[in-house]
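Asker: Starting off with a structure, shown below.
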Amino acid sequence: MYYLLQNTTPSMGWAVMQEDVWVWVTTHPSRHHNLYLICGYTHSLALSLTEQVYGWGDNSYNNTFVELTNIGSGGFGTVHKIQNKNDDKIYAIKIQQINDLNKYEKSNAFNEGKKLLLVQSEYVVKYYDSWREGNCIYIQMELCSQNLRNVIQIKPQVFGRQLGYPMDCVEYFISCEIFRQILESVEYLHELNPQIIHRDLKPDNILISENVKNGRFVKLCDFGLATVHDKRVHYRTTQKHTANVGDIKYMAPEVSQGEKYGHKSDIYSLALIAGELFDVNLNEIDLDE
């Protein structure tokens, strides 16, 4: 909440104190290009209306958080378990270098925080904040220490089953409950208005939360490739979605072949995920039988 107002020259703009941070906004667009300036004790940011971000001062990430462990890394960036120095709370933070990204990849990285905010619910990993420092994008989220990939890998050992052998009733029931929650999570995206297609569904992007609420423990993450789908536009005009998007292993044929596609491309990915979760080789299924 703003609690101290300081007047500046009318032609220049105004400044205000918000939770120990100075915020300054110009009132002369032609002269100052509508800069939005935030000055903290250790780090300052300026945001123009063209969404260009400029920063200087000490790295606020290093000043605010302590890295505890590395959770994972890949083409998406690196995810760390972190602790806030101020309140000792634990979070996950995704850090993505943007130096080597093309224009399309940079756009996805910059917009992932906005997409997470748009789909916030019990079906999606909780989003707290996102910002840019230097050549990195930071996305602060709730910590989910496991993902579906981990579960698929250790499940046979936990239940004493060799790969390829049938599950007992307990393992099968647990697998059904996991997949039911995955389906509900994806259904939530597809029933939004406008509809959201995830486009990167795979075991690595399905998290298992330790904080179970309302019996739900499955949450979706990594919305860098997610997009709005309007069948009136993307099915009936030349404005089709971008081709060859996502992990090739879980990619629907229409996506890889550059054809028009919609939410059913996510359903294709779900079928492949189910094959891994239930230890079924889908390639051995004869669709003609």
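Asker: What does the net charge come to around LYS126 if you take all other residues with beta carbon closer than 10 Å to its beta carbon, with K and R at +1 and D and E at -1? Before the final figure, lay out each step's value.
Answerer: Values: positive: LYS219; negative: GLU122, GLU142.
Taking every Cβ under 10 Å from that of LYS126, the sum is -1.
Asker: Once the piece of chain linking GLN83 and ASN99 is laid out straight, how much longer is it, given 0.36 nm per residue of separation minus the C-alpha distance between them?
Answerer: Numbers: separation 16, 0.36 × 16 = 5.76 nm, distance 2.66 nm.
Contour length minus Cα-Cα distance gives 3.1 nm.
Asker: HN-Hα J couplings of segment 267-276 from phi, Karplus 6.51/-1.76/1.60, θ = phi - 60°, integer Hz, Gly and Pro as x?
Answerer: Those phi angles translate into 5, 4, 4, 4, 5, 5, 5, 4, x, 6 Hz.
Asker: Name the residues whose placed amide hydrogens come within less than 5 Å of the amide hydrogen of ILE206, ignoring near sequence neighbours (fewer than 5 apart) on the same chain.
Answerer: Here LEU148, ARG149 satisfy the definition.
Asker: Tell me the net charge near LYS155. Cut-off is 12 Å between Cβ atoms, LYS155 excluded, with +1 for each Lys or Arg and -1 for each Asp or Glu.
Answerer: So the environment of LYS155 carries a net charge of -2.
Asker: Which loop-located trypsin sites (Lys or Arg not before Pro) does segment 69-156 contain, where loop means any DSSP state but H, G, I, E or B and the Cβ has at most 15 other Cβ atoms within 10 Å? Mind dumping the intermediate values first?
Answerer: Values: sites: LYS81, LYS85, LYS89, LYS94, LYS103, LYS106, LYS114, LYS115, LYS126, ARG132, ARG149; in loops: LYS85, LYS89, LYS126.
Answer by residue number: LYS85, LYS89.
Asker: Assuming 0.36 nm per residue, please report the length gained on full extension of the stretch SER107 to ASN70 beyond their Cα-Cα distance. Please report the intermediate quantities before stating the final value.
Answerer: Values: separation 37, 0.36 × 37 = 13.32 nm, distance 2.53 nm.
Gain on stretching SER107 to ASN70: 10.8 nm.
Asker: Tell me, what is the Rg over Rh of segment 146-284, with Rh the Kirkwood radius over Cα pairs? Can you show the working numbers first?
Answerer: Numbers: Rg = 16.2 Å, Rh = 16.1 Å.
Over the Cα atoms of segment 146-284, Rg/Rh equals 1.01.
Asker: Please compute the Kirkwood hydrodynamic radius over segment 144-207, one decimal place, Å, based on all pairs of different Cα atoms. Provide the component values of the computation, followed by the final result.
Answerer: Details: mean 1/r = 0.0749 Å⁻¹.
Evaluated over segment 144-207, this radius sits at 13.4 Å.
Asker: Another question about this same structure. Taking the alpha-carbon distance from LYS81 and a cut-off under 28 Å, which lysines remain once sequence neighbours fewer than 8 residues away in the same chain are dropped?
Answerer: LYS89, LYS94, LYS106, LYS114, LYS115, LYS126, LYS155, LYS202, LYS213, LYS219, LYS249
Asker: OK, next. What fraction, in whole percent, of alpha-carbon pairs in segment 61-141 exceed 14 Å separation?
Answerer: On the way: 2072 of 3240 pairs.
It works out to 64 percent of all Cα pairs.
Quick note: the coordinates plus some simple rules give every number you see, no bench work behind them. None of these values were measured; they are calculated from a predicted model. Because the Cβ atoms are built from the backbone with ideal geometry, glycine has one as well, and the counts that use them run over all protein chains shown.
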